[in-house]
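Following: one structure in structure tokens, then a few remarks.
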Amino acid sequence: MKRIPFPGFVAFVLVAALLTVLSPATSVAQSPTTTPFAVHFVDVAQGDAAWLKTPDGVDIIIDGGRKGQGSHLLSYLQDHGVADIEVMVATHPDADHVGGLITLVNRLPVHQVLLNGQSATTQTYQDLINAIAAKAVPTVVPRAGDTFVWGCCVTARTVHPVEPPGEDTNNASIVLRISYGQTDFLFTGDIEEAAEKAILERGELVEAEVLKVAHHGSKSGSSTAFLNAVSPEVAVISVGPNPYGHPSGEVLARLSSVGASIYRTDLQGTIVVETNGEVYSVRSAQVVVYTVFLPLVIKEVQPPTPTPTPTLTPVPTADVVVGHIQYSGRDEYVRIDNRGTVSQDMTGWFIQSYALGTPCYPASNQRFYFPSGYVLPAGASVWVHSGPDSFDNPPTDLRWTSSYIWNNDGDVGVLYNAVGQEVDRYAYGGCR
């Protein structure tokens, strides 16, 4: 439930931390302490990994990225003083969620593992099951309605799945609503619209201030109905370079439409949310602190009658175009111009390179999303660089990739807005 705004809270300083452990559902969570509860959405490229640390030091891991990210995740945890893991959650068997967990099981004491109950569908998942068995780690198969207490005062309710899980790994993901005081987090694994619909039909409570966006922002999930029910203030997308178009422009637009501030690990690195149960703050490797004050709940007091919103004069729209594509030495770029009279928020906008063909077709992996919150002022231009000598110097120069994008034998750069509509294109050669 969203609360009535109440001013006067004082922001607190963020402190890095991580995640933790499960108790039986019969336990009762205590009142929040003055020590923050911290959730780290660790950058593991194209995959999911989160570390939670309760105020009393219980560490919880939810997914671990691919096998190749296991050492990185382990180093991250050890750098933050994690010596053991009280609870490990493998939301579903996909390799980009469970591969890195194998390293953690082999290298750190793990006290409990939550599994969704599906049989191994890949060798990676079988390797995880084997590692868990070799270490004799107790396992739990949570089902919708199961409730846990982690440490002193963090509660977790299982929202999904129900028995039986079926063969669809994505839609059988473990979904957890994790609460500390007035702050709620929703972890969604890779669920798609079918699972979202089932969750809503069962009447599960999914409202949360912080949403871990399902399936790396794939358009197969994050439906309008589900996002309206969650009503997130912060949306975290765990994603890396990929050929699937994650995150989808449609999903970014839907998240914006419900008022969520979007954070992406591919653009901002590891993202940390800390809360004392009353206020929460968000920071990332490349963004300044963003603090939100949660309202005080005053029971049996009616909110004041809202003041009618005055009718506003329409604001002129920006005129954003693809100004040029150029290759120069080992650096190449596409220039985007705002020829309008107002600034344009480019959140969710992206550039797509299309290669020569009949018709022209998207070149593999050649899509660039503007950083969340990036604004192109009226009359300004931005150069998006690619190639071996590409560089990043915001706000005028943004780095796409160290690989070459443009082929002067016939490419076209197309600019799309946050809802996937074509804004402008520039032909670089014979492709039209």
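The values are calculated or read from the model by the stated rules, or taken from the named source; none is laboratory data. These numbers were taken from a predicted model, which means no experiment stands behind them. Here the Cβ positions follow ideal geometry from the backbone for every residue, glycine too, while neighbour counts run over all protein chains shown. Surface areas here come from the heavy atoms of the whole protein model, side chains and all, with no ligands, DNA or RNA. Shrake-Rupley method; radii C 1.70, N 1.55, O 1.52, S 1.80 Å.
Annotations for the structure displayed:
- Close contacts from segment 230-258, counting a first residue that is touching a residue at least 60 places away in the same chain (Cβ under 8 Å) and at positive phi and a second that is of a type in the set (S, T, Y) and open to solvent by less than 30 Å² (accessible area, probe 1.4 Å), with Cβ to Cβ under 9 Å and a gap of 6+ residues or different chains, come to G245/S218.
- Hits in segment 246-265 (condition: surrounded by fewer than 20 Cβ atoms within 10 Å (Cβ to Cβ) and either closer than 17 Å to R367 by Cα or among the small types (G, A, S) (or both)): E250, A253, S256, S257, G259, S261
- Residue among R202, R177 that is of a type in the set (D, E, K, R) and more than 30 Å from G245 (Cα to Cα): R202
- Taking the listed residues T122, T139, T147, the one that is β-branched (V, I, T) and within 26 Å of A208 (Cα to Cα) is T147, with no other qualifying.
- Each residue in segment 181-198 was checked for being part of a helix (DSSP H, G or I) and open to solvent by 10 Å² or more (accessible area, probe 1.4 Å), and 4 of them qualify.
- Of the strands (runs of 3 or more DSSP E) lying entirely inside segment 55-174, those containing at least 3 residues that are touching a Phe, Trp or Tyr at 6+ places or on another chain (Cβ under 8 Å) are 59-64, 154-160.
- Residue pairs whose Cβ atoms lie under 7 Å apart, separated by 6 or more positions or on different chains, with the first residue in segment 411-426 and of a type in the set (S, T, N, Q) and the second part of a loop (DSSP other than H, G, I, E, B), are N417/W349.
- Lone qualifier among V297, V287, V315, V301 - being modelled with pLDDT under 60, touching a helix residue (DSSP H, G or I) at 6+ places or on another chain (Cβ under 6 Å) and open to solvent by 20 Å² or more (accessible area, probe 1.4 Å): V287
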